[in-house]
Amino acid sequence: MDSPAKIGVVTVTYNSGPVIRDFMKSLATQSYRDFLLYVVDNASADETLSLVAEYPDARTVTIRNRANLGVAEGNNIGIRAALRDGCSAVLLLNNDTTFGPDVISRLEEGLRKYRCEMIVPKILYFEPADRIWSAGGSFSRLRGRSKHSGFGKKDKGQLDQPRAVDYSPTCCMLIKREVFERIGIMDANYFLYFDDTDFCLRARRAGIRLVYCPDT
């Protein structure tokens, strides 16, 4: 079995002051320790970066953009930095999220357990906390768009079976570095939205395996 990976956690901030404390607290409690956090700030005008500085950690790398470059290019800046620093995988992670202490470890274990290149967790609404936001997803042939499995439904364990999926939003997705080497990074032409749809579609066409891991 492969050894645990050095992971680059990439989050893009833009006036994220109202949520960034909970995000940083969630990261600080992670049982998985071999990660670097790349905070890519899109020219926030609020206290985002000063709040990030309240959580001093040698593993945190702050990258300040002079303008709002969008989510896709913000992620790309973090991805490039993580790959340059030798990370074996990149976790794209939105900062308007909270999560338990084993999220990174379970996702990293899942890559090996399910022999996949990309993996995502079950994502619930913050409020109400028993409603599903995404349990993996798929592409709609009729509409030509992506859709979330279980969206808006009460979580009763009905989507608790791990499975390969075609699509999932990249707000929490662990991706092996080989994926970027094969299909490239995010398409920066998508300033906001649809960048994850495009990325997952390119991955599927390349035969890359994406797994939904509901126990995370």
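Mind listing whichever residues of the range 75-96 are out of contact with any helix residue (DSSP H, G or I) (no Cβ under 9 Å at 6 or more places or on another chain) and either part of a strand (DSSP E or B) or of a type in the set (A, V, I, L, M, F, W, C) (or both)?
Selection gives ILE77, ALA81.
For PHE23, only one of the following conditions fails: (1) under 17 Å from CYS171 (Cβ atoms); (2) over 17 Å from the mean Cα position of the chain (by Cα); (3) not acidic (Asp, Glu). What is its number?
(2)
Every residue in the range 27-45 that is polar (S, T, N, Q) and open to solvent by 10 Å² or more (accessible area, probe 1.4 Å), please.
Residues of the range 27-45 polar (S, T, N, Q): 29-31, 42, 44.
THR29, SER31, SER44 - these are the residues of the range 27-45 that are polar (S, T, N, Q) and open to solvent by 10 Å² or more (accessible area, probe 1.4 Å).
Within the range 161-216, how many residues are over 26 Å from ALA67 (Cβ atoms), in a loop (DSSP other than H, G, I, E, B) and charged (D, E, K, R)?
The total comes to 3.
Considering only the range 1-41, state which residues are farther than 18 Å from PRO101 by Cβ and polar (S, T, N, Q).
Result: SER3, THR13, ASN15, SER16.
Name the single residue, out of those in the range 151-171 being over 30 Å from LEU83 (Cβ atoms) and in contact (Cβ under 8 Å) with a residue 24 or more places away in the chain, that is surrounded by the most Cβ atoms within 10 Å (Cβ to Cβ).
The first filter runs over the range 151-171 and keeps only residues over 30 Å from LEU83 (Cβ atoms), leaving 151-161.
Those still in the list that are in contact (Cβ under 8 Å) with a residue 24 or more places away in the chain too: 154-155, 159-161.
Numbers: LYS154: 10, ASP155: 19, LEU159: 17, ASP160: 11, GLN161: 9.
The extreme case among them is ASP155.
From the residues in the range 54-68 that are farther than 12 Å from PHE35 by Cβ and outside any loop (DSSP other than H, G, I, E, B), which one is most open to solvent (accessible area, probe 1.4 Å)?
ARG64
Which pairs have Cβ atoms under 8 Å, sit 6 or more apart or on different chains, and link a residue in the range 49-70 that is free of Cβ contacts under 8 Å to residues at least 24 places away in the same chain to one that is open to solvent by less than 50 Å² (accessible area, probe 1.4 Å) and in a loop (DSSP other than H, G, I, E, B)?
From the range 49-70, the pairs are ARG64/ALA43; ARG66/ALA43.
If a residue must be crowded, with 19+ Cβ neighbours inside 10 Å and free of Cβ contacts under 8 Å to residues at least 60 places away in the same chain, how many such residues does the range 172-199 contain?
Residues meeting the conditions: 3.
I'd like to verify a number: residues in the range 1-26 that are in a loop (DSSP other than H, G, I, E, B) and open to solvent by 50 Å² or more (accessible area, probe 1.4 Å), how many? Break it down into steps so the answer makes sense when it comes.
To start, the set of residues in the range 1-26 that are in a loop (DSSP other than H, G, I, E, B) comprises 1-6, 14-16.
Still in the list and also open to solvent by 50 Å² or more (accessible area, probe 1.4 Å): 1-4, 6, 14-15.
Residues that pass the stated criteria total 7.
Kindly indicate which of PRO128, PRO101 is surrounded by fewer than 16 Cβ atoms within 10 Å (Cβ to Cβ) and free of Cβ contacts under 8 Å to residues at least 24 places away in the same chain. If you could, list the steps in order and put the result at the bottom.
On the way: PRO101 fails: free of Cβ contacts under 8 Å to residues at least 24 places away in the same chain.
Criteria check complete, one pass: PRO128.
Which residues, counting only those in the range 97-138, are part of a loop (DSSP other than H, G, I, E, B) and acidic (Asp, Glu)? Can you show your working first?
To start, the set of residues in the range 97-138 that are part of a loop (DSSP other than H, G, I, E, B) comprises 97-102, 114-117, 122, 125-130, 135-136.
If the condition is that a residue be part of a loop (DSSP other than H, G, I, E, B) and acidic (Asp, Glu), then ASP102, GLU117, GLU127, ASP130 are the ones that fit.
Enumerate the pairs (first residue in the range 33-45 and in a loop (DSSP other than H, G, I, E, B); second residue anywhere and among the small types (Gly, Ala, Ser)) with beta-carbon separation below 8 Å, excluding pairs fewer than 6 apart on the same chain, so at least 6 apart or on different chains.
ASP34/ALA5; ALA43/ALA67; SER44/SER16; SER44/GLY17
The values are calculated or read from the model by the stated rules, or taken from the named source; none is laboratory data. Note that the structure is a prediction, hence the values are computed from the model and not measured. Positions of Cβ are backbone-derived with ideal geometry, glycine not excepted, and every protein chain shown enters the neighbour counts. Ligands, DNA and RNA are stripped out before the accessible areas are found, and what is left, the full protein with its side chains, is counted by its heavy atoms. Shrake-Rupley method; radii C 1.70, N 1.55, O 1.52, S 1.80 Å.
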